Amino acid sequence: MRVFLGVKTQKLISRVFVHPVNQSAAVRWGPPQTRLSCSSSPDLEKPPHSMLRHLTSKIKSTGPISVAEYMREVLTNPVTGYYVRNNMLGPDGDFITSPEISQIFGELLGVWIISEWMGAGRPKQLQLVELGPGKGSLASDILRVFSQLQSVLGEASVSLHLVEVSPTLSQLQAQNLTGNTSQEADSEDEPVYRRGKTTAGLPVCWYRRLDDVPTGFSVFVAHEFFDALPIHKFQRTEKGWREVMVDIDPEKPDHLRFVVTPSPTLASSTLVQADERRDHVEVCAEGGVIIQQLVRRITEDGGAALIADYGHDGTKTDTFRAFKGHQLHDVLASPGTADLTADVDFSYLRRMAGGGVACMGPVTQRTFLKNMGIDTRLQVLLRNCTDPNTRKQLISSYDMLTNRAKMGERFLFFSVLHQSRLAKPKKQDGLSLEKKKIPAQLPVAGFTELSFS
């Protein structure tokens with residue numbers, strides 16, 4: 001059903017859309033790829049044998065390890081982890097994300113955040129919390145929208161909080177968001193390990209854990225964050241569910257292989273649903289914990305969470321894969337040289353969120369962006385752009401984001417909202433001499449087909 005935008009939300013979006021493209025910096029573009037992956041950085045060309053030695057040593061000591069432990073070690077090991085050692089984003093990394101493709105993506109998310117802040121009654125505080133902020137491009141685009149809509153935000157106290165485990169990426173984020181003004185904490189034990197200010201004076205803080213982010217009304221953004229969290233893999237057998245583990249190949253001691261446990265594990269006994277109909281299941285228990293953290297904070301302090309990622313709604317089976325350069329890569333070969341990922345099971349996230357919040361989606365990225373007005377924004381940018389190359393890049397990036405065969409339907413958007421956000425306005429009881437119009441609840445942008453006419 002088509003819902004017409006409230007006057008305030010329509011003006012909000014229109015005010016952002018009238019701004020022309022910054023031809024010198026606004027267009028970020030990468031070539032079409034399977035996971036928007038690019039050539040590997042030079043320091044990743046040689047396999048980090050230390051990671052393979054570390055894993056084989058661990059397996060020899062304790063036996064086969066879960067896929068979750070394998071992913072955790074390969075991606076976030078504090079010494080040799082893929083995310084910890086390198087800048088894997090952009091043209092010199094292994095993949096490019098949506099914010100790197102076009103400024104429009106981040107702008108529309110910025111509008112969504114302010115729309116939800118307005119829908120919550122314009123609290124005096126607005127904390128933007130991004131999980132896994134990449135190079136800081138998405139946060140930068142969102143903050144630009146905040147700057148354009150400063151009159152809407154009024155006296156609200158706005159701050160940016162980044163949850164990032166990679167020292168390399170945090171330095172890159174700091175450079176992009178605060179220039180040379182950020183400072184590192186004196187001790188590694190400090191919850192805030194880096195802090196600074198944007199050129200507009202907004203405070204920016206970095207944390208290793210979500211729990212360390214201060215309480216208060218917050219909008220949480222997780223773009224391509226959940227797909228990199230460790231998963232457990234389970235296989236249905238004649239004897240019931242068994243966990244898939246990683247072991248050393250006995251015929252090739254310097255290679256790894258998958259094995260199925262002969263007996264149940266704690267994970268296979270607790271993480272697989274009793275009514276599960278698939279024969280192979282991936283469960284991201286860590287993602288479930290994070291969702292519950294977000295739910296608790298949204299319930300207690302107000303706010304919302306917006307999750308955008310590769311995913312499905314409880315239908316897929318084996319999605320664990322690796323990307324290196326332009327190609328799919330063997331997930332067990334040369335660990336530490338490629339990005340590991342698994343599609344997000346949004347049905348699991350919804351189940352873990354429980355009934356104390358309102359969940360919306362998942363909807364496809366194409367649907368979300370079109371509902372947010374990406375077509376209108378593109379037309380404004382093209383009208384104000386005269387450079388043929390820039391116009392071509394704008395159209396190409398739009399196609400990459402919305403084309404069903406590219407990112408349009410492979411990415412899904414999912415939101416967690418405070419229960420009161422969707423509650424119907426209460427009618428006044430009794431007789432009243434003065435008729436008062438009950439204000440309509442703002443529709444949740446992106447998840448509802450909105451009319452811009």
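The values are calculated or read from the model by the stated rules, or taken from the named source; none is laboratory data. Bear in mind the structure is a predicted one, so any value in this text is a computation, not a measurement. Reconstructed Cβ throughout: ideal geometry from the backbone, glycine too, with neighbour counts over all protein chains shown. Keep in mind that these areas ignore ligands, DNA and RNA; they rest on the heavy atoms of the full protein, side chains included. Shrake-Rupley method; radii C 1.70, N 1.55, O 1.52, S 1.80 Å.
At-a-glance table
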item	result
For segment 400-422 and segment 47-76, distance of Cα centres in Å	34
Cα-based reach from K370 at 15 Å (exclusive), listing aspartates and glutamates while leaving out same-chain residues under 8 positions away	E107, D399, E409, E449
Above-threshold pairs, the threshold being 19 Å between Cα atoms, out of K58/K252; K135/K197; K124/K424; K60/K252; K233/K316	K124/K424
Rounded accessible area per residue of segment 198-305, 1.4 Å, Å²	47
Rotationally averaged projected area of segment 98-163 (alpha carbon convex hull; nm²)	4.1
Kirkwood hydrodynamic radius over Cα pairs of segment 134-251, then Stokes diffusion coefficient at 25 °C and 0.890 mPa s, in µm²/s	143
Accessible area per residue in Å² at 1.4 Å probe, computed on segment 312-397	40
Translational D in µm²/s for segment 174-304 (Stokes-Einstein at 37 °C, 0.692 mPa s, Kirkwood Rh from C-alpha pairs)	175
Spin-label model distance (nm) - R236 vs V259, 7 Å beyond Cα toward Cβ	2.6
Portion, in percent, of the accessible area of segment 181-231 that falls on carbon or sulfur, probe 1.4 Å	44
Pair T181, Q273: separation of 7 Å Cα→Cβ label points (nm)	4.8
Sequence of S50, S420 from largest to smallest accessible area, 1.4 Å probe	S420, S50
Kirkwood hydrodynamic radius of segment 213-264, from inverse mean 1/r over distinct Cα pairs, in Å	14.7
Projected area averaged over orientations for segment 173-228, convex hull of C-alpha atoms, nm²	5.0
Extended-chain gain in nm, criterion 0.36 nm per residue less alpha-carbon gap, D318 and T376	17.1 nm
Selection of GluC sites (Glu not before Pro), segment 183-247, meeting DSSP coil and at most 13 other Cβ within 10 Å	E188, E238
Accessible area of segment 307-423 belonging to carbon and sulfur atoms, whole % at 1.4 Å probe	48
Residue-span extension gain [E449 to R209] - 0.36 nm each, minus C-alpha spacing	82.9 nm
